[in-house]
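K.L.:
One structure follows; several queries about it will come next.
The values are calculated or read from the model by the stated rules, or taken from the named source; none is laboratory data. Only a predicted model underlies this, so the values are computations on that prediction, with no experimental measurement involved. Using ideal geometry, Cβ is built from the backbone for each residue, glycine included, and neighbour counts are taken over all protein chains shown. Side chains are part of the model used for accessible areas, which takes the heavy atoms of the whole protein and leaves out ligands, DNA and RNA. Shrake-Rupley method; radii C 1.70, N 1.55, O 1.52, S 1.80 Å.
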Amino acid sequence: MSSKQRQFDALVRSLSGDLFRYGYWLCGDEALAHDLVQETFLRAWRALDHLRDTTAAKAWLITILRREHARLYERKVPQFADVDEIDIADERDALTPEFAGEESVIRNAIRGLAAKYREPLLLQVLGGFSCDEIARELNITPAAVMTQVFRARQKLKVLLTGGEQEAKLHELP
Amino acid sequence: MNCLDFRRQLNIDPLCEAAEFLRHRQQCTRCAEALERANAFEGTLRKALDVVPVSPRLADSILLAHATRQQRQRQTVRRGVLLAAAAALVLAFSVGVGFGVGTRKPPKTLQTLVVDHLDKEAFVLAMTQPIADDDVRKAFAKSGIALDHVPAGVSFVFCCPFAKYHSVHMVMPESIGPVTVLYLTEDAVAQRESFAERGWQGRSVPLTHGTLVLLARDSSHFDQVEKAWREALEPTPGVAQARI
């Protein structure tokens, strides 16, 4: 087995799970997420020789995945609706104990977030990117990233706290 | 950093490790408690995102897809190489055939071949000293021909094969210049013919079983040279030509 193949195998085994989760939250569909991750790695193989810093592999792969998703988005627009306008009950969440509770509410809320809020939040929480890195990835300013992750958390907390006023979220008197 | 900035930062990135963020946490109990709650929320958020079930066969299926695609690409490349080679072969053959058909030269005539041969051996025209009759007889004898007699004045003789012909190549210095005499021992032309080729005057004459070819810059002595060789080669009337 060549060293390139060994490196590829190691990347697939160590990062495919994280990429799948990120892909799932990006597109909202397990099968599609699987395809996205697979296509991401197949594209990564072609450019693997250019990956100098292996510690940056996750960020690099997430960038590829986002581009793949964007290509998909060009062909088909996923149906996301505003969280306030839909019934966020998830059949799976209702059926299995591990999907019940606070996390279930958050998951449904994340699904309901507009893409401009969901994406930077996913990059921050799942990808481990800083605001500056997210800004570069999304091609927006760091200030815009801060605003969007702030609002994303606000919306999620509002759902968890049963719709309390935004000011209370700062928990200041 | 004040409390409002700190609380805002909690919603932007609760895992912030900036010095002033950490300093404020040390200084403000209420904000430190808010940070704990924010971290708890962050943990819940993280768990909610991580709970997506990942197939244990995900990595294997990706590696299998990769291996399959690699194999398919190799096959495609191999097929491409084979097709390219076949196409190149067909092209080369077509070009070769086309080139051959388009540029094939007409076969050279006897006159051309004779002059070509003379050009290669032009130095023998400078030989003027008569050679022994026996040498001339021996040259003809190699082709199984016995001469009745040897015409006078032969200064060079050699058995020369050229193209498809076997010939006895001779030179006879004359007053008008050297006359080249070639006797093609096995090929008789259909008829007597005079020609001019690249500055040479020529004559080809069917004689017994072969052809007598004469070449010179001036053809005025051809008749007498032809007569001399006809008498030497053709049998006396009523006597068959001797073949050794």
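K.L.:
Against the longest alpha carbon principal axis of chain B, how many degrees, from 0 to 90 and to the nearest 10, is the axis of helix B:110-120 turned?
P.N.:
80
K.L.:
Still on this model: How much accessible area is lost when chains A and B come together, counting both sides, with a 1.4 Å probe, in Å² rounded to the nearest 100?
P.N.:
Counting protein atoms only, the buried area is about 3800 Å².
K.L.:
Mind listing the phi-derived Karplus ³J(HN,Hα) values for the range B:153-165, rounded to whole Hz, using 6.51, -1.76 and 1.60 with θ = phi - 60°, and x for any glycine or proline?
P.N.:
So the J values, rounded to whole Hz, are x, 7, 9, 7, 8, 7, 7, 10, x, 8, 6, 9, 9.
K.L.:
Please give the calculated 222 nm ellipticity per residue for chain B, where each DSSP H segment of at least 4 residues contributes -39500 (n - 2.57) and the sum is spread over every residue; nearest 500 deg cm²/dmol?
P.N.:
Roughly -16500 deg cm²/dmol at 222 nm, from the helical runs in chain B.
K.L.:
On the accessible surface of the range A:1-47, probed at 1.4 Å, how many percent belong to carbon and sulfur atoms?
P.N.:
Reported share for carbon and sulfur atoms: 48 percent.
K.L.:
May I pose another question? Among the lysines, which fall within straight-line cross-link reach of A:LYS116, defined as a Cα-Cα distance under 22 Å, with same-chain neighbours fewer than 8 residues apart omitted?
P.N.:
A:LYS58, A:LYS76, A:LYS155, A:LYS157, B:LYS47
K.L.:
Continuing with this model, one more query. Tell me the angle of helix B:3-12 to the major Cα principal axis of chain B, expressed in degrees between 0 and 90 and rounded to the nearest ten.
P.N.:
It is inclined by approximately 40 degrees.
K.L.:
Moving on. Per residue, what accessible area does chain B have, given a 1.4 Å probe and all protein chains present, in Å²?
P.N.:
With all protein chains present, chain B gives 57 Å² per residue.
K.L.:
Something else about it: I need the peptides B:171-179, B:106-114 ranked by packing, meaning the mean over residues of other C-beta atoms within 10 angstrom, with the highest value on top.
P.N.:
B:171-179, B:106-114
K.L.:
Sticking with this structure for a sec: What does the structure give for A:17-23 when I average, per residue, the other chain Cβ atoms found within 10 Å of the residue Cβ?
P.N.:
Neighbouring Cβ atoms belonging to other protein chains average 4 per residue here.
K.L.:
Given charges of +1 on the Cβ of Lys and Arg and -1 on the Cβ of Asp and Glu, with all other atoms neutral, how large is the dipole of the range B:15-68 about its Cα centre, in debye to the nearest 20?
P.N.:
It works out to roughly 100 debye.
K.L.:
Mean-square fluctuation check for chain B, GNM, Cα pairs under 10 Å: which of B:ALA92, B:ALA139, B:ALA67 is largest?
P.N.:
So, out of B:ALA92, B:ALA139, B:ALA67, the one fluctuating most is B:ALA67.
K.L.:
Sticking with this one: Can you tell me what the convex hull of the Cα atoms of the protein assembly as shown projects to on average, as an area in nm²?
P.N.:
Average projection, Cα convex hull of the protein assembly as shown: 41.4 nm².
K.L.:
Give me the Debye-computed log₁₀ of I(q)/I(0) at q = 0.24 Å⁻¹ for the range B:35-125, equal point scatterers on Cα only, no solvent, two decimals.
P.N.:
-1.11
K.L.:
Now for a separate question. Among the Cys residues of chain B, which have no other cysteine Cβ under 4.7 angstrom away?
P.N.:
If one checks each Cβ against the other cysteines of chain B, B:CYS3, B:CYS16, B:CYS159, B:CYS160 turn up with nothing under 4.7 Å.
K.L.:
Could you compute how much accessible surface B:SER61 exposes when probed at 1.4 Å, giving the result in Å² to the nearest 10?
P.N.:
About 40 Å², ignoring ligands and nucleic acids.
K.L.:
Does anyone have the angle between helix B:222-233 and the longest principal axis of chain B? Alpha-carbon axes, 0 to 90°, nearest 10?
P.N.:
Long axis of B:222-233 versus the principal axis of chain B: about 80 degrees.
K.L.:
Highest mean first, how do A:55-67, B:205-217 rank when packing is the count of other Cβ atoms within 10 Å averaged over residues?
P.N.:
Order by mean packing, descending: B:205-217, A:55-67.
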